[in-house]
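Working notes, beginning with the structure itself.
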Amino acid sequence: MAILVTGGAGFIGSNFVLDWLKQTDELVLNVDQLTYAGNLENLAELKDDVRHYFTKGDIADSHLIGLLLSENRPRAVLNFAAESHVDRSIHGPEDFIRTNVLGTFHLLETVRNYWQNLPVSAVKEKITGVCQEEFRFLHISTDEVYGSLTKNEAAFTETHRYEPNSPYSASKAASDHLVRAWHQTYGLPVLTTNCSNNYGPYQFPEKLIPLMIVNALAGKPLPVYGDGQQIRDWLYVKDHCSAIRRVLEAGKIGEVYNIGGWNEKPNLDIVHAICALLDEFRARPDNRSYREQITYVTDRPGHDRRYAIDAHKIERELNWKPTETFETGIRKTVQWYLERPDWISNIISGNYREWIKTQYTLI
Ligand code: NAD
Ligand code: DAU
C-alpha cells in the first residue's frame, strides 16, 4: 500500500515523511511544488530509500496528481501543501488564495475522481489494493481559522465559530470549508485536523522560533512584534505528526480534530526561553545575554492576540497525547539548530535551492 503526501518537503510535511518511514515500510508518494518553503535537504536521509518517491508538482495540477493516484493507488492523501506564513500573506495574499483555496479545490476534484473509480469492498476480494471504503483524504489545517481569543475565553473546540483574521487564515478556512463540502456533497471520506503552532527541526527561519535562534547566533536583532504579549499554543512537530498518524488510523470520517499540547505562552516568554538556552549552550563572546538583542518592532496588522487549543476530543476519542512538554521540546529544538549550521547557511545563502538540483531529477 501507499500514501500520497502533499507539501512533504516543507516543515511539518518533511517531519511527517521521516517519521512515517521510521514506523512503517508503506510507500510515501511525496508531491511538493518546492516553493521557497520546500527544502529537499530536509529529506536527504531518504535519497536512496525506495520507499520514498518524490515528485515536484503543484496540487492544482490535476493531470500530474491524477497520474500519481491512478498509477500508485494510494490508500490515503494527506494534504500538507500550503502557503503558511501569516506575514507573507499580508504582503502578498494572491499565492495564498491560489494554493490554499484553488489548489485545495483542484486536489479535491482530482482525488474525488480517483476515489469514485476505486472498487467497492464487495468486489475488492478479486483485486489487490485499496477500495472506496478504506480510502481517506486527510486535510491538515490550523487553529488560526477560529480567530482570536480574549484572555479569559475558553480554548478552541471543534465547534468554535470560524472567524479568520489574516489572508492566510481566511484561505485556510476556505480550504476547510471545501473539504467539508466535498464530504457532505460527494461523500468523499475526509478528515480535518486543526493544529496549534508547531516548532522543531526543519522549520523555515521566517517563523518566530527558528528566526530568533538564527538571528541571535548571527548577532542580529530579535524582532518582537508590538508588546510581545500575544499568546500562542505550542506543539512539538513530532507530536503533531503522531496525532496525524492517529487520526488517519482511527479518526471518524467527516470529523474534525483539534490538535494541541496545552502549552499557551506569550511570545516574549518564548524569546526569553530561547535566549536562556543559547546563553547556556553557546554563550556570546562578550558573555552578555542574547536577551540584549531583543528589539520591539511595529506590530503585525490584524495581529491575533491569543490562540489556545482544547485537545480533549482527540485525547478522549483517539487516545492521543503529546510526548514533549514545551521545556523538553524547546531544548531539543535549540540543540537541533545549533547542530545544523550548514542547513541554516544553505537557506540564508539560497544554496538549498541549488542543492535540490543535485539530489533529484525534477520533472
Ligand atoms: P511550510 O510552508 O513549511 O511547507 C509548505 C510546503 O508546501 C512547502 O514544501 C511548499 O513547497 C509546499 N507547497 C506550497 N504550495 C504548493 C503547491 N501549490 N503544490 C504543492 N506543494 C506546495 O508549511 P508548514 O509549516 O510545514 O505547514 C504545513 C501545513 O500545516 C500547512 O497546511 C499549514 O497551514 C498547516 N499548519 C501549520 C502549522 C505551523 O505551525 N507551521 C500549524 C498548524 C497547521
Ligand atoms: O497557529 C498555527 C499557525 O502558527 C500556523 O497555521 C501557521 O502556518 C504558522 O506560521 C503559525 O502562525 P503564527 O503567525 O502564529 O506564527 P509566527 O511564527 O509567524 O509568529 C508567532 C508569533 O510570534 C506571532 O504572534 C507573531 C510573533 N512574531 C513573529 C515573528 C516572525 C514576532 O513577534 N516576531 C517575529 O519576527
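The values are calculated or read from the model by the stated rules, or taken from the named source; none is laboratory data. Quantities reported herein were computed from a predicted structural model and do not represent experimental measurements. Note that each Cβ is placed from the backbone with ideal geometry, even for glycine, and that neighbours are counted across all protein chains shown. When the accessible area is computed, the model is the full protein with side chains, heavy atoms only, and any ligands, DNA or RNA have been set aside. Shrake-Rupley method; radii C 1.70, N 1.55, O 1.52, S 1.80 Å.
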- When only the heavy atoms of the protein chains count and the probe is 1.4 Å, how do Arg316, Arg305 rank by accessible area, highest first? Arg316, Arg305
- Note on the structure: For the chain, the Kirkwood Rh over every pair of distinct alpha carbons, in Å, works out to 21.1
- Between 0 and 90°, nearest 10: helix 237-250 axis offset from the chain longest Cα axis: 20
- Message: With a 1.4 Å probe and all protein chains kept in place, how much accessible area does Lys332 have, in Å² rounded to the nearest 10?
- Response: 90
- Query: So what J values fall out for the range 293-310 if you push phi through Karplus, 6.51 cos²θ - 1.76 cosθ + 1.60 with θ = phi - 60°, rounded to Hz, Gly and Pro as x?
  - Reply: 8, 5, 10, 7, 10, 3, 5, 5, x, x, 4, 5, 7, 8, 10, 7, 9, 8
- Suppose every K and R has +1 on its Cβ and every D and E has -1 on its Cβ; what is the size of the dipole of the range 210-363 about the Cα centre, in Debye to the nearest 20? 260
- Where does the chain land at 222 nm, in deg cm²/dmol rounded to the nearest 500, when only DSSP H runs of n ≥ 4 count, each adding -39500 (n - 2.57), divided by all residues? -12000 deg cm²/dmol
- Search the structure for amide H atoms under 5 Å from the amide H of Tyr257, placed 1.01 Å from N in the peptide plane, and list their residues when 5 or more places away or on another chain. Thr192, Thr193, Asn194
- Query: What accessible surface, in Å², does a 1.4 Å probe find on Arg180, ignoring ligands, DNA and RNA and rounding to the nearest 10?
  - Reply: 150
- Note on the structure: Largest fluctuation, Ser121, Ser169, Ser148 only, Gaussian network model of the chain with Cα springs under 10 angstrom, belongs to Ser121
- Message: To test your reading of the geometry: what angle, between 0 and 90 degrees and rounded to tens, separates the Cα axis of helix 167-186 from the longest principal axis of the chain?
- Response: 20
- Message: Greater than 24 Å separation of Cα atoms is the criterion. Which listed pairs, Lys220/Lys332; Lys252/Lys332; Lys22/Lys321; Lys47/Lys238; Lys47/Lys220; Lys172/Lys238, meet it?
- Response: Lys252/Lys332; Lys47/Lys220
- Carbon plus sulfur fraction of accessible area for the chain, probe 1.4 Å, in percent: 51
- Filtered GluC sites (Glu not before Pro), the range 1-46: DSSP coil and at most 15 other beta carbons within 10 Å: Glu26
- Message: Using a Förster radius of 41 Å, what is the FRET efficiency between Ala218 and Val120 based on their Cβ-Cβ separation? Nearest 0.05, please.
- Response: 0.10
- Item | For the chain, size of Cβ-based charge dipole, Lys and Arg +1, Asp and Glu -1, in debye | 140
- Cut-off under 5 Å, modelled amide H: who pairs with Ile294 long-range: Leu222
- Message: For a quick check, take a GNM of the chain with Cα springs below 10 Å and name the residue from Val123, Val111, Val101 with the largest mean-square fluctuation.
- Response: Val123
- Message: Using the Cα centre of the range 217-289 as the reference point, and only Cβ charges (+1 on K/R, -1 on D/E), how large is the resulting charge dipole? Debye, rounded to the nearest 20.
- Response: 240
- Degrees between helix 326-338 axis and first principal axis of the chain (Cα, 0 to 90, nearest 10): 80
- Item | Dipole-positive endmost among Ala2, Gly66, Leu34 within the chain (Cβ charges, Cα centre) | Ala2
- Item | Lys321 paired with Lys252, simple spin-label distance in nm, labels 7 Å along Cα-to-beta-carbon | 2.3
- Query: For the chain, what is the accessible area per residue in Å² when the probe is 1.4 Å?
  - Reply: 43
